[in-house]
Each structure stands twice: as C-alpha cells, then as structure tokens.
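Novice: Just passing along the structure, written as structure tokens.
The values are calculated or read from the model by the stated rules, or taken from the named source; none is laboratory data. Not measured: the values here are computed from a predicted model. As a convention, Cβ positions derive from the backbone with ideal geometry for all residues, glycine included, and neighbour counts pool all protein chains shown.
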Amino acid sequence: MRPLTAALVLAILGLLLPTATRGQDVRLTLEFKPEASVRGDRVLLKDLVDIRGEDGALRRDLAEVYVTQAPRPGQTLKIRGDYLTYRVRNAGLPLDLLPWNPPSLILVTRQAQEIGADAVQKIVIDYLKNQDPYRTGDWELAGLRVSRLPQFPRGTLTHKVQAGSISNPARLRLTVTFYVNKEEAAQVQAAALIRIFQPVVVAARQIEPDQVIQEEDLRVERVSMDRFRAAALSEPGQAKGLVSRRRLSVGRPILAQDLRPQVVVHRGDRVAILAENDVLAVSAPGHAQKDGARGETIPVLNLDSKKVVLGTVTGPDAVRVTF
C-alpha cells in the first residue's frame with residue numbers, strides 16, 4: 001500500500017508542477033469586472049478585465065482583444081463568460097497559460113451624454129438671431145416642438161442648424177444635426193412658433209364709418225403680426241386725413257384697406273376746370289359727374305363746350321386736365 005500511495009503522490013505532482021511553472025513564466029494577473037462601462041463603439045478586453053503583470057507584450061495583446069460592438073449610448077449589454085473565452089481563444093492567445101476564470105456574466109454599459117429641450121431652445125434662438133428677417137427684427141420664440149431627444153456618446157458635442165423654407169416667418173421648421181468628435185451622431189427636428197412684433201398704428205378711440213381720421217384718433221403700439229394678415233400702417237401720418245371705411249374699435253390695428261381718401265368733390269358740384277400745358281393755362285366752369293378724392297380722375301361736364309372731359313381732382317371744387 002505504501003509504494004502505491006507514494007507513486008500516486010508523485011504522479012499528481014508531475015501533473016501540477018508543469019502548469020505552475022508555466023503560470024509563473026507568464027506572470028500576469030487578471031481581475032474581471034462584473035460590471036463595466038465604455039465610451040466608444042467597441043468593447044475590448046481591457047474594458048472588462050484589469051490586466052497586470054511583467055509580460056508587457058502579452059499584456060498589450062490581451063488588452064486589445066476585440067470582444068463585441070458596444071451597445072447604444074445609455075444602454076447595457078450582457079456578455080457571457082464562455083463567449084469571452086471564445087474571443088480570447090479566437091485571437092490566438094495562450095489561454096491555458098493564463099489565470100483565466102471569467103464570471104458567468106458581465107454587464108457592459110455605454111457611457112452617454114444628454115441634451116435637454118432647454119438646450120435645443122437656446123440653439124434655435126441663437127440661430128435665429130443671426131438670420132434674416134430675425135436678425136434686426138423685434139421677435140420672441142413663442143413655442144417650440146422638438147422630436148425625441150437621443151442620448152449621445154461621450155465626447156465633444158457640436159451642432160449645425162438648417163432651416164426649411166421661410167415662406168411664413170412666424171412658423172419655421174428646423175433640423176439640428178449633432179456631432180460627437182466631429183462625427184454625425186443624430187438629428188433633431190424642431191418646429192418653432194415665432195411671434196414677430198412691429199410698431200403699428202391702432203385706433204386710440206372708436207372710429208365710426210366715413211369718419212375723417214384725425215391725429216388724436218390714433219396711437220402707435222408694439223403689436224404682434226399674428227393679430228393681422230394684411231399690411232398695417234406704421235406711421236400716424238399715413239392715416240391722418242383719410243376716411244374710415246368701417247367701424248374700428250379701440251386698439252385695433254389700422255390696415256390700409258380700412259381707409260379711403262376723403263372725397264373733396266361730389267357729384268353735381270360746380271368745379272373749376274383748369275386746362276394747361278407748358279405755355280398756356282385756360283379755366284372753364286364745369287359740373288362733376290362723379291365723387292372724387294384728391295388725386296382721383298373723374299368725368300366733368302364742361303359747361304362752355306357741353307363736352308365731358310376727364311380731369312384729376314386737385315382740391316375742393318378744382319379739377320385739372322392736360323391738353
């Protein structure tokens with residue numbers, strides 16, 4: 001029994017001693033991480049294992065073993081220990097010489113950075129400040145709708161803004177392209193509602209139909225253009241002396257189409273017809289055949305010749321014709 005026992009012990013030692021010697025030759029230690037995080041789009045062995053030891057060449061080869069594609073930013077990937085073993089064997093490295101004992105599962109998370117809706121709003125505002133017609137205008141961003149905001153890989157984040165057609169400056173669609181380390185990462189769609197203001201003449205008090213507009217009937221206010229579609233007057237002088245076509249309530253922007261010239265010659269009025277050219281001026285009495293404001297052309301009956309001529313109203317009871 002004793003010789004048999006001694007032989008068995010020697011056989012066991014013979015099996016163990018070569019492995020121990022080989023392990024000592026490698027002189028590396030491996031510490032596996034049950035959880036790891038990566039910045040880039042690839043998972044390498046060095047992301048999952050702390051590799052220490054004196055064998056620099058083998059240590060570097062192990063560190064650069066490609067394991068798998070990284071998950072999307074902010075997401076987590078499960079890597080099985082047996083798959084990790086397969087990848088190292090596939091790389092041609094001496095796995096049997098390493099203290100190789102991976103866990104059954106390693107969780108890998110891709111590091112990410114986020115951008116919020118407030119940051120997108122600032123990007124849009126800064127963009128509009130440098131674009132016509134907003135560059136010199138009076139405006140404010142009244143609303144902004146953005147598509148789903150993605151998570152980005154870690155790195156230097158930059159962006160570029162491209163606007164759609166500005167057929168309606170109050171409603172604008174934009175595409176914000178984001179780059180990480182100068183590589184395109186994602187696009188965000190944005191729809192901006194822009195309130196544009198301008199100085200506008202409004203009614204300072206209620207103005208009745210056919211009322212001649214006086215200076216005290218008007219005031220200038222900062223008004224959002226979305227309150228009206230047609231062109232509004234910007235100076236009180238543009239309305240003074242004209243006649244309102246309709247009732248205008250207090251504070252209502254006054255549009256060019258709300259006014260008409262004041263009639264200074266009425267149909268049937270006796271008028272003086274002044275006919276002139278560069279060397280001669282002749283005056284004759286006449287009857288207006290139609291109402292006319294200053295600057296309008298109306299038919300007039302010449303009482304001397306009994307002929308109807310066309311003349312331009314120059315003032316109350318005065319019409320000019322050219323011959």
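Novice: Just the residues that are under 23 Å from R52 (Cβ atoms), surrounded by 15 or more Cβ atoms within 10 Å (Cβ to Cβ) and not small (G, A, S), please, taken from segment 68-93.
Specialist: I79, L84, R87, V88, L93
Novice: Could you count how many residues in segment 265-296 are out of contact with any Phe, Trp or Tyr (no Cβ under 9 Å at 6 or more places or on another chain) and either exposed (fewer than 13 other Cβ atoms within 10 Å of the Cβ) or not in a loop (DSSP other than H, G, I, E, B) (or both)?
Specialist: Total meeting the criteria: 19.
Novice: Let me ask something else about it. What pairs come out if I take residues in segment 288-302 that are within 11 Å of V319 (Cβ to Cβ) and pair them with residues that are among the aromatic types (F, W, Y) and surrounded by 15 or more Cβ atoms within 10 Å (Cβ to Cβ) whose C-beta lies under 8 Å away, six or more apart or interchain?
Specialist: Note: no pairs meet the criteria.
Novice: Let me ask something else about it. Under 9 Å between Cβ atoms, at least 6 apart or on separate chains: pull out the pairs that start in segment 111-122 with a residue that is crowded, with 16+ Cβ neighbours inside 10 Å and end on any residue that is part of a helix (DSSP H, G or I).
Specialist: Once the first residue is crowded, with 16+ Cβ neighbours inside 10 Å and sits in segment 111-122, its partners that are part of a helix (DSSP H, G or I) give I115/I123.
Novice: While we're here: Checking the conditions here, which among D217, D226 is at pLDDT below 90 and more than 12 Å from the chain's Cα centre (by Cα)?
Specialist: Numbers: D217 fails: at pLDDT below 90.
Residue meeting the stated conditions: D226.
Condition check ((1) under 26 Å from V176 (Cβ atoms); (2) part of a strand (DSSP E or B); (3) among the hydrophobic types (A, V, I, L, M, F, W, C)) across all residues:
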{"position": "A57", "(1), (2), (3)": "no, no, yes"}
{"position": "G74", "(1), (2), (3)": "yes, no, no"}
{"position": "T85", "(1), (2), (3)": "no, no, no"}
{"position": "P103", "(1), (2), (3)": "no, no, no"}
{"position": "T109", "(1), (2), (3)": "no, yes, no"}
{"position": "V120", "(1), (2), (3)": "yes, no, yes"}
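Novice: Since I207 meets every condition but one in (1) more than 22 Å from Q262 (Cα to Cα); (2) in contact with a Ser or Thr (Cβ under 6 Å, 6 or more places away or on another chain), which condition does it not meet?
Specialist: That leaves (1) as the condition not met.
Novice: Name the residue, out of G164, G155, that is out of contact with any Cys (no Cβ under 8 Å at 6 or more places or on another chain) and closer than 27 Å to A70 by Cα.
Specialist: G155
Novice: Still on this structure, please answer the following. Under 58 Å from the mean Cα position of the chain (by Cα) and either free of Cβ contacts under 8 Å to residues at least 60 places away in the same chain or under 28 Å from V243 (Cα atoms) (or both), is that true of L310?
Specialist: So L310 passes the test.
Novice: In segment 239-291, how many residues are within 30 Å of V220 (Cα to Cα) and not charged (D, E, K, R)?
Specialist: So the answer is 19.
Novice: Right, next: In the set V161, V188, V88, which member is in contact (Cβ under 8 Å) with a residue 24 or more places away in the chain, touching a Lys or Arg at 6+ places or on another chain (Cβ under 9 Å) and within 30 Å of D41 (Cα to Cα)? It would help to see each step written out before you state the result.
Specialist: Numbers: V161 fails: touching a Lys or Arg at 6+ places or on another chain (Cβ under 9 Å); V88 fails: touching a Lys or Arg at 6+ places or on another chain (Cβ under 9 Å).
None of the others qualify; the one that does is V188.
Novice: Can you list the strands (runs of 3 or more DSSP E) lying wholly within segment 128-243 that have 1 or more residues being among the basic types (K, R) and surrounded by 14 or more Cβ atoms within 10 Å (Cβ to Cβ)?
Specialist: Per the criteria, 171-180, 183-203, 218-224.
Novice: Another question, then. What residue, of L77, L93, L128, is at negative phi and in contact with a helix residue (DSSP H, G or I) (Cβ under 9 Å, 6 or more places away or on another chain)?
Specialist: Values: L77 fails: in contact with a helix residue (DSSP H, G or I) (Cβ under 9 Å, 6 or more places away or on another chain); L128 fails: in contact with a helix residue (DSSP H, G or I) (Cβ under 9 Å, 6 or more places away or on another chain).
From the options L77, L93, L128, the qualifying one is L93.
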